[in-house]
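Novice: The structure that follows is given in the form of structure tokens.
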Amino acid sequence: VRGDIDRIWASARADARGEALFVEPAGDVLGATWHRWAPHGLSPDLPAGPFDTVVLRVPRGREALAVLVELSASRLRPSGCLRVWGGNDEGIRGAGRALLPWFAQVETGEARGHGRVVVGRAPRAGARSQLLDFAVPVEVRAGALRAVVHSVPGLFAHARLDAGSALLAEALGPARERWLDFGCGAGMLGALRGGDWTGVDADTWAVAVARATHPDRVVVLGDRTLPRPAVGGWDRVVSNPPLHRGGADDDAVVSWLVDASPAVLAPDGEVVVVLPRRVPFRAMASARYREVDVVASDDAYRVWRARGAHPASLSLEEPTSASSPARRDARRSTAG
Ligand SMILES: C[S@@+](CC[C@H](N)C(=O)[O-])C[C@H]1O[C@@H](n2cnc3c(N)ncnc32)[C@H](O)[C@@H]1O
């Protein structure tokens, strides 16, 4: 409920004492800020501090909350305080448990409509301070393909290969082409398929972890960004694309990918995506591509291939170049 969120945010912010860090603020603030996702997010790690207060909007998912609470504890002065806020439907009610390992004193503050602020005082020593301190090696398999990658709690499909990604990797096999992985996450498809690939993702955590696994590959931080290869176009744009915004299903990024991809493909290039069976990809892609086929499927997913972009589609978007200065800066600031 929007009015409730405004009231909880006002309450979380009101008692922020001294030097404050606002993690995913819901409005303008005086103080340091941090965002996980591009375009606002630039680095996987919180600013160095130390801070007197960290004000943290409860993130989606318990694993991400546990990581952010520990990272926040590492940035606080011994007298500092963490204020976690959010709506009941965002998971604030169970948030106090995530504070117990890292704060000697945890108070469940007053409820404000359908939400509340949970406060942790007296941070304990020993909290991990960098995202990559949480990285664990994970072995993933798809058919005959096998790889070891890093993952951190709070990433999409942490420590396992998503079933859709497994179907996609198996359908495509080892890479012989030059390809782009849009929404690359921890870089699992790149690890399984190999070859000459570039990754792009909007999540600073995913990009940091993918770069740690693949120091020899370019992994771009970007929101709805399709980097170009240095010369020509991609033979393939491959994706297990995001389909949720908030809690709701949302095909907007898939539609955008259909519209933007023709401009970055080689003349005989193709887009290959895995989607839940409910997503009407043929209807979405037919206006841009002459051929749209299912190349693999199971009970839950279809792997679609679209090729032969209509000439009118080629100039629709102006995607960013993989070798542009903006890309190099984003990479530097996110590598940490
Ligand atoms: C379904 S996951 C697939 C992750 C990875 N390819 C895998 O197989 O494990 C979708 C990915 O898209 C990323 N993403 C979400 N919104 C995005 C956007 N607007 N632009 C780029 N990437 C986005 C997410 O961070 C996530 O890593």
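The values are calculated or read from the model by the stated rules, or taken from the named source; none is laboratory data. Small disclaimer: the values here were computed from a predicted structure and weren't measured. In this analysis, Cβ positions are derived from the backbone assuming ideal geometry, glycine residues included, and neighbour counts consider all displayed protein chains.
Novice: If the Cβ limit is 7 Å and pairs must be 6+ apart or interchain, which residue in the stretch 256-271 that is among the β-branched types (Val, Ile, Thr) pairs with which residue that is away from the ligand (no atom under 14 Å from the Cβ)?
Specialist: 258/284; 258/285; 258/288; 264/228; 264/233; 264/234; 271/306
Novice: Something else now. Have a look at 266, 296 and point out the one that is away from the ligand (no atom under 14 Å from the Cβ), in a strand (DSSP E or B), modelled with pLDDT of 95 or more and out of contact with any helix residue (DSSP H, G or I) (no Cβ under 9 Å at 6 or more places or on another chain).
Specialist: 266
Novice: Of the conditions (1) over 20 Å from the mean Cα position of the chain (by Cα); (2) surrounded by 18 or more Cβ atoms within 10 Å (Cβ to Cβ), residue 266 fails just one. Which one is it?
Specialist: (2)
Novice: Scan the stretch 167-188 and tell me whether some residue there is closer than 27 Å to residue 66 by Cα and more than 9 Å from the ligand (Cβ to nearest atom).
Specialist: Within the stretch 167-188, not a single residue is closer than 27 Å to residue 66 by Cα and more than 9 Å from the ligand (Cβ to nearest atom).
Novice: Condition (residue is free of Cβ contacts under 8 Å to residues at least 60 places away in the same chain, of a type in the set (Val, Ile, Thr), within 20 Å of residue 165 (Cβ to Cβ) and within 16 Å of the ligand (Cβ to nearest atom)) applied to the stretch 211-231: is it met by at least one residue? I'd like the intermediate steps shown before the answer.
Specialist: Just the residues of the stretch 211-231 that are free of Cβ contacts under 8 Å to residues at least 60 places away in the same chain, to begin with: 214-217, 224, 231.
Adding the requirement that they be of a type in the set (Val, Ile, Thr) leaves 231.
Next, only the ones that are within 20 Å of residue 165 (Cβ to Cβ) stay: none.
No, the stretch 211-231 has no match at all.
Novice: Now a separate question. Examine the stretch 130-139 for a residue that is touching a residue at least 12 places away in the same chain (Cβ under 8 Å), among the charged types (D, E, K, R) and either on the phi < 0 side of the Ramachandran plot or buried (at least 23 other Cβ atoms within 10 Å of the Cβ) (or both), and state whether such a residue exists. Break it down into steps so the answer makes sense when it comes.
Specialist: Narrowing the stretch 130-139 to residues touching a residue at least 12 places away in the same chain (Cβ under 8 Å): 130-132, 134-138.
Subset that is among the charged types (D, E, K, R): none.
Scanning the stretch 130-139 turns up no residue that is touching a residue at least 12 places away in the same chain (Cβ under 8 Å), among the charged types (D, E, K, R) and either on the phi < 0 side of the Ramachandran plot or buried (at least 23 other Cβ atoms within 10 Å of the Cβ) (or both).
Novice: Here's a follow-up. When the stretch 148-191 is examined, which residues are found to be within 21 Å of the chain's Cα centre (by Cα), surrounded by fewer than 22 Cβ atoms within 10 Å (Cβ to Cβ) and in a strand (DSSP E or B)?
Specialist: The answer is 148, and nothing else.
Novice: Also, I was wondering about something else. When you scan the stretch 37-56, how many residues do you find that are surrounded by fewer than 21 Cβ atoms within 10 Å (Cβ to Cβ), touching a residue at least 40 places away in the same chain (Cβ under 8 Å) and closer than 26 Å to residue 93 by Cα?
Specialist: Looking only at that region, the number is 2.
Novice: Another question about this same structure. Identify all residues within the stretch 269-293 that are among the charged types (D, E, K, R) and assigned to a strand (DSSP E or B); write none if there are none.
Specialist: Once the filter is applied, which keeps residues that are among the charged types (D, E, K, R) and assigned to a strand (DSSP E or B), the stretch 269-293 yields 270, 290, 291, 293.
Novice: To continue, here is another question. Just to be sure, is residue 205 more than 9 Å from the ligand (Cβ to nearest atom), surrounded by 23 or more Cβ atoms within 10 Å (Cβ to Cβ) and aromatic (Phe, Trp, Tyr)? Show your work before the answer.
Specialist: Working: more than 9 Å from the ligand (Cβ to nearest atom): no; surrounded by 23 or more Cβ atoms within 10 Å (Cβ to Cβ): yes; aromatic (Phe, Trp, Tyr): yes.
Answer is no for this residue.
Novice: Anything in the stretch 192-208 that is among the β-branched types (Val, Ile, Thr) and in a helix (DSSP H, G or I)? List them, or say none.
Specialist: 204, 207 - these are the residues of the stretch 192-208 that are among the β-branched types (Val, Ile, Thr) and in a helix (DSSP H, G or I).
Novice: Only residues that are surrounded by 15 or more Cβ atoms within 10 Å (Cβ to Cβ) and either of a type in the set (A, V, I, L, M) or under 17 Å from residue 51 (Cβ atoms) (or both): list them for the stretch 99-110, please.
Specialist: Residues satisfying the conditions are 99, 102, 103, 106.
Novice: Hey, among the residues in the stretch 104-131 that are touching a Ser or Thr at 6+ places or on another chain (Cβ under 9 Å), of a type in the set (D, E, K, R) and part of a strand (DSSP E or B), which one's nearest to residue 92 (Cα to Cα)?
Specialist: So the residue we want is 116.
Novice: OK, next. From (1) under 21 Å from the mean Cα position of the chain (by Cα); (2) touching a residue at least 40 places away in the same chain (Cβ under 8 Å), pick out the condition that doesn't hold for residue 142.
Specialist: Condition not satisfied by residue 142: (1).
Novice: Of (1) surrounded by 22 or more Cβ atoms within 10 Å (Cβ to Cβ); (2) touching a Lys or Arg at 6+ places or on another chain (Cβ under 6 Å), residue 235 satisfies all except one. Which?
Specialist: Answer for residue 235: the failing condition is (1).
Novice: Next up: Residue 62: closer than 24 Å to residue 113 by Cβ and of a type in the set (Lys, Arg), yes or no? Lay out the reasoning, then the answer.
Specialist: On the way: closer than 24 Å to residue 113 by Cβ: yes; of a type in the set (Lys, Arg): yes.
It is true that residue 62 is closer than 24 Å to residue 113 by Cβ and of a type in the set (Lys, Arg).
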